[in-house]
1. Within region 81-107, which residues are away from the ligand (no atom under 13 Å from the Cβ), of a type in the set (S, T, N, Q) and surrounded by 20 or more Cβ atoms within 10 Å (Cβ to Cβ)?
2. Check Gln184 against each of (1) within 16 Å of the ligand (Cβ to nearest atom); (2) out of contact with any strand residue (DSSP E or B) (no Cβ under 6 Å at 6 or more places or on another chain) and name the one condition it does not meet.
3. Restricting the first residue to region 82-100 and requiring it to be free of Cβ contacts under 8 Å to residues at least 40 places away in the same chain, which pairs with a second residue that is in a helix (DSSP H, G or I) and not β-branched (Val, Ile, Thr) meet a Cβ separation below 6 Å and a spacing of at least six or different chains?
4. Please give the number of the condition Ala110 fails out of (1) within 10 Å of the ligand (Cβ to nearest atom); (2) among the small types (Gly, Ala, Ser); (3) touching a strand residue (DSSP E or B) at 6+ places or on another chain (Cβ under 8 Å).
5. What's the number of the condition His284 fails, among (1) within 22 Å of Phe12 (Cα to Cα); (2) touching a strand residue (DSSP E or B) at 6+ places or on another chain (Cβ under 9 Å); (3) surrounded by 24 or more Cβ atoms within 10 Å (Cβ to Cβ)?
6. Yes or no: region 65-73 includes at least one residue that is assigned by TED's automatic domain parsing to the domain that holds Ile191, among the small types (Gly, Ala, Ser) and within 12 Å of the ligand (Cβ to nearest atom).
7. Collect the residues in region 33-90 that are among the polar types (S, T, N, Q), over 18 Å from Gly214 (Cβ atoms) and part of a loop (DSSP other than H, G, I, E, B), keeping them in residue-number order.
8. Would you check which residues across region 99-108 are in contact with a Phe, Trp or Tyr (Cβ under 9 Å, 6 or more places away or on another chain) and in a loop (DSSP other than H, G, I, E, B) and list them?
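The values are calculated or read from the model by the stated rules, or taken from the named source; none is laboratory data. It should be emphasised that the depicted structure is a prediction, and the values quoted were computed from it without experimental measurement. No Cβ is skipped: glycine too gets one built from the backbone with ideal geometry, and neighbour counts run over all protein chains shown.
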Amino acid sequence: MEHLPQEYRQLFPIVQTHTMLASCSQSALAEPVSRAIKDYHDSLLYMGTNWNEAIEKTESARIEFAKLIGAEPDEIAIVPSVSDALVSAVSSLSVFRKKHVVYTEMDFPAVSHILQAQSDYNVSVIPSIDGELPLEQYETHITDETVLTCVPHVHYRDGSIQDVKAIAAIAKRKGSLLFVDAYQSAGHIPIDVKAWGVDILAAGARKYLLGIPGMAFLYVRKELADALKPKASAWFGRENGDGASYAKGARRFQTGTPAFISVYAAAAALSLLNHIGVSHIREHVKTICADAVQYAAEKGLELAIASAGEQPGMVAIRDERASETAALLRKKKVICAPRDTVIRLAPHFYNTKDELRHAIDEIAEIALHM
Ligand SMILES: Cc1ncc(COP(=O)(O)O)c(C=O)c1O
């Protein structure tokens, strides 16, 4: 492998038989993650109850995610999904006088669904310009009346990366909180919430975090969390479990019993990611994607990305019949995630340059016969 030892690749049985390039949707299952899922299953099958162990795993997952993004464990809530994370965050803003929230045209659709349903707020969208979101757009559309600005760290459709630190500085200057959707970045692009000045951030378990669906992480900066009053909060978000008052820090954003099986998986997956180190993963993924971009161009394929900015960790190829192409690729054991008119090739640290080239060869071949 380009930057990482071969032993890591061997943790993923599926790469022996398939070209697995769908990390933007569901990454490959690693042996240690599979064992963790089985541990949860077996503890129910053979021991009957596993509450205390499950609570410990929940804390391990929290600690590992905090480490991954440069936060404190008390700044992390365990929630069911990224959508739920945003619902909780928005539900906590009534302590502020300001009533304007803003999101971007490049956010995942769920962000729009959630915000447009907030009848107590004036909601507006930051439009992209030729498929990009220059910083001037934030300067223009975040106003002194904005209480919350929502942005994606990485665009779900083409993998483009936003300068969160610069956006955070603009939001701060205008007096707006910043919510970062890091579902498409956490696990392959380094994140430092403190250095960047992020107020709130969410990421789910099943994409680049190597886990399975059923849980997500919500980071809320500690001093901020203690001032917020989420309406979506219940016994897992209370002091001492059943207490009437909110728990300290981000835990107050929790509601009911977490999906423990997903928590077991996430704890094992995050421990593996932190062991390898996201900066090493980024170097590897960046290198193989840069090669793939050039190779795709040589093969006459059109890339979906607008900018020539920082190298994305995804190769997005324009294809009017993306789902059909993806189904044909699947028959050839190439697994990728199509999205409307784009085929997304989304590698992780277990992929190689040759695998990406192989997928591109197959796409070019399919294009010839369509
Ligand atoms: C960037 C981004 N945000 C949010 C979501 C939705 O996440 P969830 O289903 O956990 O609410 C997705 C799902 O693909 C996504 O890619």
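1. Let us first name the residues in region 81-107 that are away from the ligand (no atom under 13 Å from the Cβ), namely 90-102, 105.
Still in the list and also of a type in the set (S, T, N, Q): 91-92, 94.
The one that is away from the ligand (no atom under 13 Å from the Cβ), of a type in the set (S, T, N, Q) and surrounded by 20 or more Cβ atoms within 10 Å (Cβ to Cβ): Ser92.
2. Failed condition: (2).
3. Ser83/Ala110
4. Failed condition: (3).
5. The number of the failed condition is (2).
6. Pass one, region 65-73, residues assigned by TED's automatic domain parsing to the domain that holds Ile191: 65-73.
Narrowing further to those that are among the small types (Gly, Ala, Ser): 66, 70-71.
With the extra rule that they be within 12 Å of the ligand (Cβ to nearest atom), the set shrinks to none.
Among the residues of region 65-73, not one is assigned by TED's automatic domain parsing to the domain that holds Ile191, among the small types (Gly, Ala, Ser) and within 12 Å of the ligand (Cβ to nearest atom), which makes the answer no.
7. Thr49
8. Lys99, Met106, Asp107, Phe108
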